[in-house]
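Remarks on the structure that follows.
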Amino acid sequence: QRRVHGALKEEVEVIARKAITYDEVIHKCVESLKEDKVTCPIVATCDEVLACIMAAPASVNSWDIEVTSIENIIFLDRRDGGNTDKEWVNENAAGEDLPSDTADEDALDSRARLGVESTKVNFAFNAQCATKRFIEEKTEPLKEDSHSRKIVYKYYQYIVNEGLPNEYHLIVRTEVDFAEEGANGTIKPYRAFAVLEYAPPKPVRSYKQDSRVAWTDSSSLGAILVDIARKNMGKVARWVAMSLLSETTMKIGFVTRKGETTKTHSIGAVYTISPHDCARSINIDSTKMWTAVSVLVESILKSKIEDGGVLRQGGEKQLRIFAGEDSDGDDDSDADEESEDDDDEDEDDDSEN
């Protein structure tokens, strides 16, 4: 793929992001391509959706996205409740490291409850990173009552399979969570993510028991991240993909509960790493990520659906392309996952309250 265009736009959103099909900048990009007499298919999406597709071979739990086709233009968009933004905990773990699927609503460490808690913690850490005081002092507690944050959108246009019969143009809306001023007044953009500590039932030891000191030891954070990625490869691969797409640096917060409650948390440490270095450290191949995208896009084009979606059913290897609203019904076609997750660090001082 070849990136041919980038644009920058800043907007203030309240949790719900604008649908790709209604994004004015996306439509302007599409009109520009039409004026240039581009005849091959045009695909428009956002980094959250594209990253889920790129990380699909490493994911385990279910997610789905919407597919809308209008005049040779395919919109791939997130769906409310589609789990594309769900921050599962230990999704790729095994044995007692894997959260249970219990139906007990009071079980704080069930897979579902941990997923909800981790998603809220990720949003709170993300929003907090955007505050100047936190960036400068690293001593703020994790505030979890914020329901809005400023989003900077960056738009990129790619030509995929250029010169080949299956060529298509890809327009991607990416996000930047915050920026810091670097050397010589340069601005360095970041994506922020949070890892929620999970303490499996005894006698399995938790990060807190094994590595609490290491969480505040900047020299050990890289090794801890590799171990976390082993149990959360789907999530971390998605973070890497989003950061690569937006050309940002990753800032990862290591977050733990305060006491037995799921309502308050503290930040043990913050680790900064480039997505390229992170990909190398956990053996992610970005080329295979793009292969996964092309396989799915070509399958969607062949299906000729106008209104439907793509479903990643938990435990299945294939992505199901379906028409209409029924994601549990007969699927029109399957897209095989053909990619596997295989690709200057600096450490920040820890912060906790």
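The values are calculated or read from the model by the stated rules, or taken from the named source; none is laboratory data. From a predicted model like this one, the values you see are computed outputs, not experimental measurements. Here the Cβ is made from the backbone with ideal geometry for all residues, glycine too, and neighbour counts use every protein chain on show. The accessibility values were calculated without ligands, DNA or RNA, using every heavy atom of the protein model including side chains. Shrake-Rupley method; radii C 1.70, N 1.55, O 1.52, S 1.80 Å.
The table below lists the values:
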{"item": "The stretch 44-118 - percent of accessible surface contributed by carbon and sulfur, probe 1.4 Å", "result": "46 percent"}
{"item": "Hz values of 3J(HN,Hα) by residue in the stretch 257-272 - Karplus curve (6.51, -1.76, 1.60), Gly and Pro given as x", "result": "5, 9, x, 9, 7, 9, 8, 10, 9, 10, 9, x, 6, 10, 10, 10"}
{"item": "Loop-located trypsin sites (Lys or Arg not before Pro) in the stretch 15-69 whose Cβ has at most 14 other Cβ within 10 Å (DSSP)", "result": "LYS37"}
{"item": "Scattering curve values for the stretch 235-298, log₁₀ I(q)/I(0), Debye with Cα scatterers, q = 0.25, 0.26 Å⁻¹", "result": "-1.03, -1.07"}
{"item": "Solvent exposure, largest accessible area first (probe 1.4 Å, DNA, RNA and ligands not counted), of ASP85, ASP97", "result": "ASP85, ASP97"}
{"item": "Over 27 Å between alpha carbons, listed pairs LYS18/LYS231; LYS188/LYS231; LYS120/LYS188; LYS18/LYS258; LYS154/LYS302", "result": "LYS18/LYS231; LYS188/LYS231; LYS18/LYS258; LYS154/LYS302"}
{"item": "Loop-located GluC sites (Glu not before Pro) in the stretch 245-318 whose Cβ has at most 15 other Cβ within 10 Å (DSSP)", "result": "GLU247, GLU260, GLU306, GLU316"}
{"item": "Under Karplus coefficients 6.51, -1.76 and 1.60, residue-wise ³J(HN,Hα) of the stretch 115-123 in Hz, glycine/proline x", "result": "x, 5, 4, 5, 5, 5, 5, 4, 5"}
{"item": "Antiparallel DSSP beta bridges within the stretch 29-124, as percent of all bridges there, nearest 5", "result": "60 percent"}
{"item": "Residues with amide H under 5 Å from that of GLU175, placed H, sequence gap 5 or more", "result": "ASP47, LYS154"}
{"item": "The stretch 219-277, accessible area per residue, ligands and nucleic acids excluded (1.4 Å, Å²)", "result": "28 Å²"}
{"item": "Cα-only radius of gyration and Dmax that characterise the stretch 21-93, units Å", "result": "14.9, 50"}
